[in-house]
Amino acid sequence: MSDTPPSDLVTVGIANRVATLTLNNAAKRNALSAALLDALVAGLKSLDTQEVRVVILRAAAGLPVWSAGHDIKELPRGHEDPLGYSDPLEKALRAIRELPVPVIAMVHGTVWGGAFDLVLSCDMIVADETASFAITPVNLGLPYNTTGLMHFIGRLPMNLIKEMFFTAAPLKAADAEHWHIVNHLVPSAELEGFTRTLAEGMTAKAPLAVAVIKEQLRVLSDYQPIAAQVFERIQDMRRQVYESADFQEGIAAFLEKRKAVFRGT
Ligand code: YXS
């Protein structure tokens, strides 16, 4: 498979006031490169939310991988926060969370790393039995960012968060349903129809009320007072991780297609 041209990395279709944004770089397993993420944000911002009342975010049909997560080849190689405020992934998460219409993640296939944060940033998740979800910073020696951890704390029980982060093991679809991570788990054959019905069921609702309730829920759940000294301590701890030899080893091992050997330095 050849790489998708930048203009086609995310396709946008609109029907019956529902916009469908499709991740479309199968050759790179929809890795969240800056180009793909910029296309996603541009697609979201292009929507006239007077006409479009709901968004479905999906991968191209039939792919075994929904998204392979952050483009590892684009992660800063030390001396820079790998998930800083201006990172393209963080910009995309904010664009979804601040869009004044509901965004439904429709998941067929495996979801990795930052793509799990992307799916969790959507307002609802509909998945089929091929879906799985993994968060994988410990595979790279990467210190996940504080905003990202708050996304998980707001959505998953702490014991599950720790198991997922410390094992980096994919959570299967049935377990994602058990833990209420997905709104609905439906058979593959029904996934598109079920998701479209859910979306269209919201298009006739009062858009101003929907938009304001979504924003109220965002600001109320995101509000987490934190003392300046605590924030600075967290940033200092994270810097020690992304400045570590282990982080360099994690990325190198992925690029060299070998198993990483971490030494705690
Ligand atoms: O070798 P070529 O050039 O054909 O490219 C290969 C892979 O290098 C590329 N690719 C990626 N490139 C950049 N970043 C990625 N995350 C990434 N994943 C894949 O896509 C081409 C096909 O990959 P291949 O041959 O491995 O495909 P596969 O079907 O055998 O396996 C699919 C996966 C997803 C199981 C496998 O590609 C994989 O394990 N990818 C890495 C998944 C992962 O660890 N993602 C986390 C990224 S880091 C992140 O999201 C956060 C920062 S954090 O670390 O905090 O979670």
Report task. Filter the stretch 145-201 for residues that are at positive phi and either of a type in the set (Ser, Thr, Tyr) or open to solvent by 60 Å² or more (accessible area, probe 1.4 Å) (or both) and give the result. Result -> 180
Report summary line: For the stretch 13-60 the number of residues that are in contact with a strand residue (DSSP E or B) (Cβ under 6 Å, 6 or more places away or on another chain) and not charged (D, E, K, R) is 21
Report task. Only residues that are of a type outside the set (Asp, Glu) and within 10 Å of the chain's Cα centre (by Cα): list them for the stretch 97-126, please. Result -> 105, 111, 112, 113, 114, 115, 116, 118, 119, 120, 121, 122
Query raised in the report: Do any residues in the stretch 173-189 that are more than 12 Å from residue 156 (Cβ to Cβ) have Cβ atoms under 7 Å from those of residues that are among the hydroxyl-bearing types (Ser, Thr, Tyr) and surrounded by 20 or more Cβ atoms within 10 Å (Cβ to Cβ), where the two are at least six apart or on different chains, and which pairs are they?
Result: 173/132
Query - Complete set of residues in the stretch 61-91 that are away from the ligand (no atom under 12 Å from the Cβ) and within 14 Å of residue 115 (Cα to Cα) - result: 91
Report summary line: Of the residues in the stretch 4-59, those that are closer than 23 Å to residue 136 by Cβ and either surrounded by fewer than 16 Cβ atoms within 10 Å (Cβ to Cβ) or over 20 Å from the mean Cα position of the chain (by Cα) (or both) come to 27, 34
Query raised in the report: If you go through the stretch 62-86, how many residues are buried (at least 19 other Cβ atoms within 10 Å of the Cβ) and more than 15 Å from the chain's Cα centre (by Cα)?
Result: 3
Report task. Taking the options 231, 254, name whichever one is closer than 28 Å to residue 22 by Cβ, touching a residue at least 60 places away in the same chain (Cβ under 8 Å), surrounded by 11 or more Cβ atoms within 10 Å (Cβ to Cβ) and under 24 Å from the mean Cα position of the chain (by Cα). Result -> 254
Report summary line: If we ask which residues in the stretch 4-60 are in contact (Cβ under 8 Å) with a residue 60 or more places away in the chain, within 16 Å of the ligand (Cβ to nearest atom) and among the hydrophobic types (A, V, I, L, M, F, W, C), their number turns out to be 1
Query raised in the report: Quick check, is residue 117 without any contact (Cβ under 8 Å) to a residue 40 or more places away in the chain, crowded, with 22+ Cβ neighbours inside 10 Å and not aliphatic (A, V, I, L, M)?
Result: yes
**Report entry** Filtered residues of the stretch 223-263 (kept if away from the ligand (no atom under 14 Å from the Cβ) and in contact with a helix residue (DSSP H, G or I) (Cβ under 7 Å, 6 or more places away or on another chain))
**Finding:** 224, 234, 261, 263
Query raised in the report: Quick check: anything in the stretch 87-100 surrounded by fewer than 20 Cβ atoms within 10 Å (Cβ to Cβ), touching a helix residue (DSSP H, G or I) at 6+ places or on another chain (Cβ under 6 Å) and part of a loop (DSSP other than H, G, I, E, B)?
Result: yes
Query raised in the report: Do any helices (runs of 4 or more DSSP H) entirely within the stretch 113-156 hold 1 or more residues that are more than 12 Å from the ligand (Cβ to nearest atom), and if so, which?
Result: 114-121, 146-153
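The values are calculated or read from the model by the stated rules, or taken from the named source; none is laboratory data. Please read these numbers as outputs of a predicted model, since none were measured by experiment. When we count neighbours, we look across all protein chains shown, and the Cβ atoms used for this are built from the backbone with ideal geometry, even at glycine. Only protein heavy atoms, including side chains, enter the accessible area calculation; ligands, DNA and RNA are left aside. Shrake-Rupley method; radii C 1.70, N 1.55, O 1.52, S 1.80 Å.
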